[in-house]
Amino acid sequence: QLGMIHHLQGDYSEAVKLYEQSLEIARELGDRFGIALDLGQMGRIKEKSKDFEGALSDYITALSIFEELRSPYRDTTKKLIARLRETMGKEAFQEGLSRLGGSS
């Protein structure tokens, strides 16, 4: 939650630091849902910071986990990916997916 507060205040470097700490804890605990949430939030920061491929990587990983868990957050994550595709443009998006080893 602290990461989200810093994120909303525009303090992205502190938000990323806190999300990374949360992600590490979630991984240690095997908390797949927590991992996906943290990755989704980090993807949003990367998107705002114009690190589109980093955002895409985080979103794709989060979506994969949400799909496994059958979480309703998968729909939100799909919308984030669609928005990112519009921002990047189809060609750049496809190239990013290719570099990540994914498909359209």
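The values are calculated or read from the model by the stated rules, or taken from the named source; none is laboratory data. Everything quoted here is computed from the prediction, not taken from an experiment. Using ideal geometry, Cβ is built from the backbone for each residue, glycine included, and neighbour counts are taken over all protein chains shown. These accessible areas exclude ligands, DNA and RNA; they are computed on the full protein's heavy atoms, side chains included. Shrake-Rupley method; radii C 1.70, N 1.55, O 1.52, S 1.80 Å.
Under a 1.4 Å probe, what is the accessible area of the chain per residue, stated in Å²?
62
Would you tally the net charge around HIS6, using a Cβ to Cβ cut-off of less than 10 Å, leaving HIS6 out, and scoring K and R as +1, D and E as -1?
-1
Quick check: at a probe of 1.4 Å, how many percent of the accessible area of the chain sits on carbon and sulfur atoms? Can you show the working numbers first?
Details: 3250 of 6420 Å².
Roughly 51 percent of what the probe reaches on the chain is carbon or sulfur.
To the nearest 500 deg cm²/dmol, what mean residue ellipticity at 222 nm is calculated for the chain from DSSP H runs of n ≥ 4 alone, each contributing -39,500 (n - 2.57), summed and divided by the residues?
About -27000 deg cm²/dmol.
So, how do all the Cα-to-Cα distances of the chain break down into 10 Å bins, in percent, from 0 on up?
Spelled out per bin, shortest first, that is 17, 46, 32, 5.
Can you tell me the orientation of helix 52-69 relative to the chain, as the angle in degrees between its alpha-carbon axis and the longest Cα principal axis, to the nearest 10?
The helix 52-69 is inclined about 70 degrees to the chain.
By how many degrees, between 0 and 90 and to the nearest 10, does the Cα long axis of helix 90-100 differ from the longest principal axis of the chain?
The angle comes out at about 60 degrees.
Report the number of Lys pairs in the chain whose alpha-carbons are under 18 Å apart, with separation of 8 or more residues or on distinct chains.
Step by step, the pairs that qualify in the chain add up to 11.
Considering the dipole of the chain built from charges on the beta carbon (Lys and Arg +1, Asp and Glu -1) around the Cα centre, which of ALA92, ALA26, LEU69 is farthest to its positive end?
Of the candidates, ALA92 comes out farthest on the positive side.
Evaluate the charge dipole of the chain about its Cα centre and quote only its size in Debye, nearest 20, assuming +1 on the Cβ of each Lys and Arg and -1 on the Cβ of each Asp and Glu. Walk me through the numbers before you get to the answer.
On the way: 15 positive and 17 negative charges, 75 e Å.
It comes to approximately 360 debye.
Taking the Cα centre of the range 1-58 as origin, work out the dipole magnitude from +1 charges on Lys and Arg Cβ and -1 charges on Asp and Glu Cβ, in debye rounded to 20.
The dipole of the range 1-58 has a size of about 140 debye.
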